[in-house]
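Chemist: Attaching a single structure in structure tokens format; questions to follow.
The values are calculated or read from the model by the stated rules, or taken from the named source; none is laboratory data. Everything numeric in this text was worked out from a predicted model, so none of it was measured. For neighbour counting, all protein chains shown are included, and Cβ atoms are generated from backbone atoms with ideal geometry for every residue, glycine included.
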Amino acid sequence: MKRITVNEKWCLGCHLCEYYCAFANSGGEDMAKALKGITIQPRLRIEQAGCISFAVACRHCDTPLCVKSCITGSLSVRDGVVCVDREKCVGCYTCVMVCPYGAVMPSESGAIQKCELCTQRSPGIPACVSGCPNGAIVLENGG
Amino acid sequence: MPIDFLYPKFEVVRNPQRCIACRVCERQCANEVHRFDPALNLMESDESKCVDCHRCVSLCPTRALKIVETDHAFRKNANWSGEIISEIYLQAKSGGVLLSSMGNPAGHPIYWDKLLINASQVTNPSIDPLREPIETKTFLGKKTHDIKRDKNGHLVTETSPQLEISMPVMFSAMSYGSISYNAHECLARAAAELGIYYNTGEGGLHEDFYRYGAHTIVQVASGRFGVHKDYLEAGAAIEIKMGQGAKPGIGGHLPGGKIVGDIAKTRMIPEGSDAISPAPHHDIYSIEDLRQLVYSLKEATGYRKPVIVKIAAVHNVAAIASGIARSGADIIAIDGFRGGTGAAPTRIRDHVGIPIELALASVDDRLREEGIRQDVSLVAGGSVRSSADIVKAIALGADAVYVATAPLLALGCHLCATCFTGKCNWGIATQEPELVKRLNPEIGFLRLVNLLTAWKHEISEMMGGMGINSIEALKGNRLMLRGVGLNEKELQILGVRHAGE
């Protein structure tokens, strides 16, 4: 299956991936309209210290701790992608605490949110991958 | 002081409806033009620092930005333009020489644009490059005067060392130092992929790039920076740089600030020392002296590599080229006055030298008249912008062309012409690690390959249209060119007829 690989050597810390992620998951058609005046809640985050930066998103682990820990069965693995069923999520946030990468986070609705490789949006290349100006986030065959 | 105040050249126009304050412009501008005001929750800009490189414009995810030239103006004056007035203010303040980067932007005639290419109709068939072979491969180096046979009557096929190129284009000299490590990697990998050559310039060859040596031309310039036996051995050819189109008559100058780490090591000079190349080679004051260096380099490399002598196109270029052809050089590279540079005194860049088109035609004529044209190949550079320019250059008499500005554009350069500041936002003309990493060679190398592949298709199309199926048949074929809007003298020098003739 394909997963996102991040290469910090080419990450510029421009944070565009976060904005493209937030837009992709906003459901809007115009980025300016969708993101203007709000604090974005992207599903991946740039981590930065000094001149090193890289994007952290869900690793879609082979044996995901989040799925194991989910008390309602809202997290599951579909075709290698760790997916959320927001209807089932009760917001206990166990998954948030067990994820070693910090890649699961609460959303504004109370349910959790995480990177689903843009599979919920439309099949194809995830928005962070296509939006990265320097090829630092790539979709590769792995695992 | 108020007397020094110059209104900013460019204005940053931000569409407030579209700006989402993502701050990518702020993070990506090495000139610190953009700033986020948390109190107002707005982006602001200090356009006095803007160099119009379009980094922010290109990365803005909502197309909220554009850069416009200011309409603030001095009183209209055809003689004293705003630019000339501003430069006087700058020099009155600094007492220094004005510096510029990239090629001559002045409005001198561009002869490429006044030359038109022929095509076949009815009486001579054109060739469809998709169905029939078109040979874009060519060889650079001394050609034999006549056919020789050995005592058994077999052809003697030994020639002087030749450079084989898959298309008549090479990347011209840009030093490691003037451009970044990543930019060099892009050029080296693309040259290897394309079957052409790139050129180290005067900065030596980084040890990581020795593996691309078979596609590298190593340069020996007046400062001799980075020159040693392994370096000479590493390249496929050696270029002696006598002059550069952007700054004929003067040498290069890389400030000590850029001589750091690997650049100092590669140039073989102490960190922080200015790399000042003398205007002349201090051991070359005549063609005989040049001959000594040509043969020293040949001797050092066992006569296995062609030697290129690169000169700037200046007034008596034909006579100079004639001398070089007799010095033992295999290839002469001529750099026209529109050629680029990392830094040159503005007045020299804009006012010294002559157009490559005229220089090329007159050199080709002169060498033919003297019966020595086959002794050298001619490489023309100095603002070859497209495949059409290449076809015109070949038809005027070049064996190949050198390009540098066009590949830099392919790598992201937006011709803001401020390379000398060392703060290139596109990661090309800079040595700051944070900026250098903006040029990912995986992306850059592919873009160079794409550009030249596209050009190769176009060259084949144009050649096929003329009914010509090899570069060799196009070389010096000036009947394939016609001039428009040129006077008798210009047509005579170019050796082409006027359109309609």
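Chemist: Looking only at region A:65-85, count every residue that is basic (Lys, Arg) and either within 12 Å of A:Lys114 (Cα to Cα) or under 15 Å from the mean Cα position of the chain (by Cα) (or both) and tell me the total.
Modeler: Here is the first cut: in region A:65-85, the ones basic (Lys, Arg) are A:68, A:78.
In the following step, the residues that additionally are either within 12 Å of A:Lys114 (Cα to Cα) or under 15 Å from the mean Cα position of the chain (by Cα) (or both) were identified as none.
Qualifying residue count, region A:65-85: 0.
Chemist: Looking at A:Ile125, A:Ile137, which is the one that is under 17 Å from A:Met1 (Cβ atoms) and within 14 Å of chain B (Cβ to nearest Cβ)? Don't jump to the end; show me each part of the working.
Modeler: Numbers: A:Ile125 fails: within 14 Å of chain B (Cβ to nearest Cβ).
When all the criteria are applied, what remains is A:Ile137.
Chemist: Still on this model: Going by the structure shown, is A:Ile38 over 14 Å from A:Val129 (Cα atoms) and more than 9 Å from chain B (Cβ to nearest Cβ)? Let's see the steps before the verdict.
Modeler: Working: over 14 Å from A:Val129 (Cα atoms): yes; more than 9 Å from chain B (Cβ to nearest Cβ): no.
No.
Chemist: Only one of A:Cys99, A:Cys17 is within 12 Å of chain B (Cβ to nearest Cβ), crowded, with 19+ Cβ neighbours inside 10 Å and within 15 Å of the chain's Cα centre (by Cα). Can you tell me which?
Modeler: Details: A:Cys99 fails: within 12 Å of chain B (Cβ to nearest Cβ).
Selected residue: A:Cys17, the only one of A:Cys99, A:Cys17 that is within 12 Å of chain B (Cβ to nearest Cβ), crowded, with 19+ Cβ neighbours inside 10 Å and within 15 Å of the chain's Cα centre (by Cα).
To keep it simple, each residue is scored yes or no on (1) assigned to a helix (DSSP H, G or I); (2) assigned by TED's automatic domain parsing to the domain that holds B:Lys475; (3) over 30 Å from the mean Cα position of the chain (by Cα).
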position	(1), (2), (3)
B:Gly107	no, no, no
B:Asp113	yes, no, no
B:Leu116	no, no, no
B:Gln121	no, no, yes
B:Ser126	no, no, yes
B:Pro129	no, no, no
B:Glu132	no, no, yes
B:Phe139	no, no, no
B:His145	no, no, yes
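Chemist: Of everything in region A:41-65 that's under 19 Å from A:Ile125 (Cα atoms) and charged (D, E, K, R), which residue is farthest from the other protein chains (Cβ to nearest Cβ)?
Modeler: Among those residues, the one meeting the criterion is A:Arg59.
Chemist: Which of the residues that make up region B:431-454 are closer than 16 Å to B:Leu187 by Cα, crowded, with 20+ Cβ neighbours inside 10 Å and away from every other protein chain (no Cβ under 12 Å)?
Modeler: Correct list: B:Leu448, B:Leu451, B:Leu452.
Chemist: Find the strands (runs of 3 or more DSSP E) located wholly in region A:61-143 whose residues include 3 or more that are in contact (Cβ under 8 Å) with a residue 60 or more places away in the chain and either assigned by TED's automatic domain parsing to the domain that holds A:Trp10 or in contact with a Phe, Trp or Tyr (Cβ under 7 Å, 6 or more places away or on another chain) (or both), and list them. If you could, list the steps in order and put the result at the bottom.
Modeler: Numbers: elements: A:75-78, A:81-84, A:104-106, A:112-114, A:137-141.
Ranges flagged: A:137-141.
Chemist: β-branched (Val, Ile, Thr), out of contact with any Phe, Trp or Tyr (no Cβ under 9 Å at 6 or more places or on another chain) and either under 30 Å from B:Ser327 (Cβ atoms) or within 14 Å of chain A (Cβ to nearest Cβ) (or both): which single residue out of B:Ile147, B:Ile117 fits that description? Full working, then the answer.
Modeler: Details: B:Ile117 fails: either under 30 Å from B:Ser327 (Cβ atoms) or within 14 Å of chain A (Cβ to nearest Cβ) (or both).
B:Ile147 is the lone residue from the list that is β-branched (Val, Ile, Thr), out of contact with any Phe, Trp or Tyr (no Cβ under 9 Å at 6 or more places or on another chain) and either under 30 Å from B:Ser327 (Cβ atoms) or within 14 Å of chain A (Cβ to nearest Cβ) (or both).
Chemist: Here's a follow-up. Among what's in region B:27-47 and is outside any strand (DSSP E or B) and within 14 Å of chain A (Cβ to nearest Cβ), pick the residue that is farthest from B:Leu435 (Cα to Cα). It would help to see each step written out before you state the result.
Modeler: Applying the first criterion (outside any strand (DSSP E or B)) to region B:27-47 yields B:27-33, B:38-41, B:46-47.
Next cut, within 14 Å of chain A (Cβ to nearest Cβ) only: B:27-30, B:38, B:40-41.
Values: B:Arg27: 11, B:Gln28: 9, B:Cys29: 10, B:Ala30: 8, B:Pro38: 26, B:Leu40: 29, B:Asn41: 27 Å.
Here the answer is B:Leu40.
Chemist: Moving on. For the structure I just gave you, tell me whether A:Glu87 is more than 30 Å from B:Arg447 (Cα to Cα), among the charged types (D, E, K, R) and either in contact with an Asp or Glu (Cβ under 8 Å, 6 or more places away or on another chain) or surrounded by fewer than 16 Cβ atoms within 10 Å (Cβ to Cβ) (or both).
Modeler: When the stated conditions are applied, A:Glu87 passes them.
Chemist: Turning to a different aspect of this structure: Being in contact with a Cys (Cβ under 7 Å, 6 or more places away or on another chain) and under 20 Å from A:Ile125 (Cβ atoms) is the filter here, so list the residues in region A:66-86 that pass it.
Modeler: Our first condition is that a residue be in contact with a Cys (Cβ under 7 Å, 6 or more places away or on another chain); within region A:66-86, this holds for A:66, A:69-72, A:74-76, A:82.
Residue satisfying the conditions is A:Val82 alone.
Chemist: Okay, moving on. Taking B:Gln91 as the residue in question, decide whether it is part of a helix (DSSP H, G or I) and either under 31 Å from the mean Cα position of the chain (by Cα) or not assigned by TED's automatic domain parsing to the domain that holds B:Gly483 (or both). First the steps, then the outcome.
Modeler: Values: part of a helix (DSSP H, G or I): yes; either under 31 Å from the mean Cα position of the chain (by Cα) or not assigned by TED's automatic domain parsing to the domain that holds B:Gly483 (or both): yes.
When the stated conditions are applied, B:Gln91 passes them.
Chemist: Taking the condition buried (at least 17 other Cβ atoms within 10 Å of the Cβ) and at positive phi, does B:Gly467 pass?
Modeler: Values: buried (at least 17 other Cβ atoms within 10 Å of the Cβ): yes; at positive phi: yes.
Considered against the rule, which asks whether it is buried (at least 17 other Cβ atoms within 10 Å of the Cβ) and at positive phi, B:Gly467 comes out as yes.
Chemist: All but one of (1) within 13 Å of the chain's Cα centre (by Cα); (2) more than 22 Å from B:Asn450 (Cα to Cα) hold for B:Asp375; state the number of the condition that does not hold.
Modeler: (1)
Chemist: Can I ask one more? Restricting attention to region B:470-501, and to residues there that are of a type in the set (S, T, N, Q) and surrounded by fewer than 16 Cβ atoms within 10 Å (Cβ to Cβ), which single residue is nearest to the chain's Cα centre (by Cα)? I'd like the intermediate steps shown before the answer.
Modeler: We begin by selecting, within region B:470-501, every residue of a type in the set (S, T, N, Q); these are B:470, B:477, B:487, B:492.
So of that shortlist, the ones also surrounded by fewer than 16 Cβ atoms within 10 Å (Cβ to Cβ) come out as B:470, B:487, B:492.
Values: B:Ser470: 25, B:Asn487: 28, B:Gln492: 27 Å.
The residue in question is B:Ser470.
Chemist: Same structure, new question: Can you give me the number of residues within region A:1-14 that are assigned to a loop (DSSP other than H, G, I, E, B) and away from chain B (no Cβ under 11 Å)? Talk me through it step by step, then tell me what you get.
Modeler: So the first thing to find is which residues in region A:1-14 are assigned to a loop (DSSP other than H, G, I, E, B), and the list is A:1, A:7-14.
Applying the additional criterion that residues be away from chain B (no Cβ under 11 Å) yields A:1.
Of the residues in region A:1-14, 1 are assigned to a loop (DSSP other than H, G, I, E, B) and away from chain B (no Cβ under 11 Å).
Chemist: Tally the residues that are under 16 Å from B:Arg224 (Cβ atoms), outside any loop (DSSP other than H, G, I, E, B) and in contact (Cβ under 8 Å) with a residue 24 or more places away in the chain, restricting the search to region B:279-307.
Modeler: Residues that pass the stated criteria total 6.
Chemist: Cβ-Cβ distance below 8 Å, separation of 6 or more or different chains: which pairs start in region B:2-26 with a residue that is at the interface with chain A (Cβ under 8 Å from one of its Cβ atoms) and in contact (Cβ under 8 Å) with a residue 12 or more places away in the chain and end on one that is surrounded by 18 or more Cβ atoms within 10 Å (Cβ to Cβ) and among the aromatic types (Phe, Trp, Tyr)?
Modeler: Within 8 Å, the pairs are B:Ile20/A:Tyr19; B:Cys22/A:Tyr19; B:Val24/A:Tyr19.
Chemist: Sticking with this one: If A:Ala34 satisfies every condition in (1) among the small types (Gly, Ala, Ser); (2) part of a loop (DSSP other than H, G, I, E, B); (3) crowded, with 17+ Cβ neighbours inside 10 Å but one, which is the exception?
Modeler: It fails just one condition, (2).
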